[in-house]
1. Would the range A:168-175 turn up any residue that is more than 15 Å from the chain's Cα centre (by Cα) and open to solvent by 20 Å² or more (accessible area, probe 1.4 Å)?
2. Residues that are under 26 Å from the mean Cα position of the chain (by Cα) and free of Cβ contacts under 8 Å to residues at least 24 places away in the same chain: find the strands (runs of 3 or more DSSP E) completely inside the range B:317-415 holding 1 or more of those.
3. Quickly run through the range B:84-123 and pick out the residues that are small (Gly, Ala, Ser) and under 23 Å from B:Pro440 (Cα atoms).
4. Is it the case that some residue within the range A:224-238 is open to solvent by less than 40 Å² (accessible area, probe 1.4 Å), of a type in the set (Ser, Thr, Tyr) and over 27 Å from the mean Cα position of the chain (by Cα)?
5. Here are B:Lys454, B:Lys410, B:Lys387: which of them is within 28 Å of B:Leu291 (Cβ to Cβ) and within 14 Å of another protein chain (Cβ to nearest Cβ)?
6. Let me confirm something: among A:Lys278, A:Lys298, A:Lys305, A:Lys207, which residue is open to solvent by 10 Å² or more (accessible area, probe 1.4 Å), basic (Lys, Arg) and under 22 Å from the mean Cα position of the chain (by Cα)?
7. Of all strands (runs of 3 or more DSSP E) completely enclosed by the range B:64-112, which ones contain at least 1 residues that are in the same structural domain as B:Ser450 (by TED's automatic domain parsing) and surrounded by fewer than 20 Cβ atoms within 10 Å (Cβ to Cβ)?
8. Is there any pair with a first residue in the range B:214-236 that is at the interface with chain A (Cβ under 7 Å from one of its Cβ atoms) and a second that is among the aromatic types (Phe, Trp, Tyr) whose Cβ atoms are under 7 Å apart and which are 6 or more apart or on different chains, and what are they?
2 protein chains.
Amino acid sequence: MAPNLDSFFQTVDANSEHFIDRLRKAVAIPSISAEEARREDVVKMGMFLKSQLESLGASMEARPLGKQPGKEHLELPPAVIGRYPAKKQEGKRTILVYGHYDVQPAEKSDGWNTDPFELTVDEKGRMYGRGSTDDKGPVLGWVNVIESHQKAGIDFPVNLLMCFEGMEEYGSEGLDDFIVAECKPGKYFADADAVCISDNYWLGTEKPCLTYGLRGCSYYSIEISGPGQDLHSGVFGGTAQEPMTDLTRVMATLVDTNGRIQIPGIYELVAPMTDEEKGLYTNIAFTMDNLYESLGSKTGIFDQKEETLMARWRNPSLSLHGIEGAFSAPGAKTVIPAKVTGKFSIRTVPDMEPHEVDTLVFKYIKSQFARLESKNTLDVSLQHSGKWWVASPNHWNFTAAAKAVEKVWKIKPDLTREGGSIPVTLTFEQATGKNVLLLPMGSSTDAAHSINEKLDRRNYIEGIKLLGAYLHYVAEEPMK
Amino acid sequence: MAPNLDSFFQTVDANSEHFIDRLRKAVAIPSISAEEARREDVVKMGMFLKSQLESLGASMEARPLGKQPGKEHLELPPAVIGRYPAKKQEGKRTILVYGHYDVQPAEKSDGWNTDPFELTVDEKGRMYGRGSTDDKGPVLGWVNVIESHQKAGIDFPVNLLMCFEGMEEYGSEGLDDFIVAECKPGKYFADADAVCISDNYWLGTEKPCLTYGLRGCSYYSIEISGPGQDLHSGVFGGTAQEPMTDLTRVMATLVDTNGRIQIPGIYELVAPMTDEEKGLYTNIAFTMDNLYESLGSKTGIFDQKEETLMARWRNPSLSLHGIEGAFSAPGAKTVIPAKVTGKFSIRTVPDMEPHEVDTLVFKYIKSQFARLESKNTLDVSLQHSGKWWVASPNHWNFTAAAKAVEKVWKIKPDLTREGGSIPVTLTFEQATGKNVLLLPMGSSTDAAHSINEKLDRRNYIEGIKLLGAYLHYVAEEPMK
């Protein structure tokens, strides 16, 4: 099975310096989507990617996504989409891959040891640079897979559909509608048989994983108001009911120190643990020291890794983020704020329906506020919500990826979920109706979004092999 | 008694346009102490005041107060001090008066109806301009009193010592040490027999008052920290103990919706109500509508004015001001803040000793945090404290002022306290060891510190008479 992989792997190894050089060129383009002044560079990066793929014979398009909402003088960077081979190979599976070519902001003065836009490889093979791991390395991985097949003279095993965006680090503006439209019958992505996204990370540094679940997020505001304007606490303290007092009392009832959500009914919405699931956590390559290292402290809730992983992946959590309208600067100000807005969010998991969560949240907060018998005014609202996502890890898309991992890394991957959200995942699942796989290239220490972001040379080169091997196995995997 | 007052009053009336013109010249100097670029104007205003008094024969000095702490390139505006008559009149009482010649910031664009630095008198005699009531009107009141005595050909009834500062609206930088030093034997203010400060307001708009008490203020920080850096709630929510959760739970235990402080022992420190005091509140010219108007809402705690006045003047209060380090901007951010600092203050009253309050606060907060059994770290600290002040309203300084009010306004003044602090009051009391009187000129609607600050023409002109009459009565009042 997958007989051509050896020569593909050898070609990847033989071209590794060339592939690193390609990443170097990409990192050198500061495609920061959050910064207006860098919009030109974001587009430049999209065009670089398009031309690299076109030079390999892919059929590419740069699709405009319109004006940026709220900044209508700015054109959104295009969705760079494509197909390889340019002409569809009948009888082969079609795999839709997604990645993004924009990056987080970075300045040397933020604390980087090296120029963030100059790929710098150290003696341990750590390749530092903004976007190295998030997400230029994985995106160029697909380019390198195509080139390696051509150089090795191997047939490309699938039809590859590509969707690369330039606004992922700024809310994926404009992309959702585009995906939904292009997945309709007769449109660009209509014939996808499965989806693969390489934009997340291993749980640790040594063991690869396949990710099949993400938590959702429902974000709420609690606004409490009373006086017509901010008051001086000397003049009014003791004579007026203070919105901050009420808000603090309400927020304090939401969750306890050990993360237990106090809203009745929330845990009843959570899918019960099955016997099969119970065993899943023990073998995951994760230790409590991994947690403490990433926390920068030992202030974890649980002592066992199993409970910690369950808390991150399969249980809901509630975090209080802050208060808008109160005094938040350093120093001392004796204000009684007239209107304060508490912000919190709930990370949701199967089978929590967002609107059911909303109902429980609103009812509980209103009842807690009513208990105060306050003359102030409460308004509780949902700011936004994104649903959790869980795919079947038994689908051929996953079993193919697992075989690819074992071929490249000589180890069975961990099947993991994540605590955060990657909203595009759910969009692809819903728009295509097909299985979506998250297939990470980088490791937990890559510091995406932070200073000194890096991708290990090993993860990049073996990662190219992994993406290619995945396409070979996915081409041959029986339907399930 | 005080036989010369009629001719003094007539002279004030005859010169009222001249006095308004003096105020116009003062308001035209934008002596904003908070703005570095206006420092020259603050000094200019001090020199204007000094020259006005010198031209009337007062002995004046501009005393340097050194560099501004934290902005050492800036010289503090001088303390303008003086004596009138220049040569001490033996056998007459010496009254030390205080005021300030700096003002709050103001820009037309803040919402002023008129240029804030051009005194604008409307048809109802409202004189709009920054500093009109706070505190240029009262300060020039003393100048006008001297000039009116000269023009009326009346002996000046007391020795007047003057202390005018230019940093009151920016924390009275440098003044405390100066006052303490100059009140020592043989120094400038050594022979003061009593102190009079005109820098506050009537409780309403129709009835004058004498103010004999102020609450103190103790300002605290509760810092709770855990993780080494801010965390993403998707990745860490449910696995780490969150400082915001703990802080909110601790802050929620400090005070209830009706302003009742929950810290055991606090109310035991408060001086008990005497039978004499009980009757004081009923006759004060204050209504619940006054409260609702100033609140801009009906969210008061008490339904009766007596309880409201007691809550403002003679009972402690606790206000939660805000949280530093949490998410405080508009919008939605899914951060778990690593370190958050809650700010609150307690307004203190007789007989609460600040260090006893500190002890109770620290003990209670530590015990409430301990109940959470959290792995996070608590640090509670005092940011600053200023003690309450209460003078005896039976002292000759007050009885003289009461007679002056009755003479000028044909009504007995309310004896009031205030909920806020004027720290220099306590400084003068402690440094001189003498009685301090707060003798307001303006009314509750003057909007000091706000847009459209004004002083009513009536309050200014009658206020000049009041200050002069006070000096006459205070000269004759028997010792008590």
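The values are calculated or read from the model by the stated rules, or taken from the named source; none is laboratory data. Quantities reported herein were computed from a predicted structural model and do not represent experimental measurements. Note that we place each Cβ from the backbone using ideal geometry, even for glycine, and neighbour counts take in every protein chain shown. Just the protein is used for accessible areas: all its heavy atoms, side chains included, with ligands, DNA and RNA removed. Shrake-Rupley method; radii C 1.70, N 1.55, O 1.52, S 1.80 Å.
1. yes
2. By residue number, B:317-324.
3. The answer is B:Gly99, B:Ala106.
4. For the range A:224-238, residues open to solvent by less than 40 Å² (accessible area, probe 1.4 Å), of a type in the set (Ser, Thr, Tyr) and over 27 Å from the mean Cα position of the chain (by Cα): present.
5. B:Lys387
6. A:Lys207
7. Passing ranges, in order: B:71-75, B:94-100.
8. B:Arg215/B:Trp388
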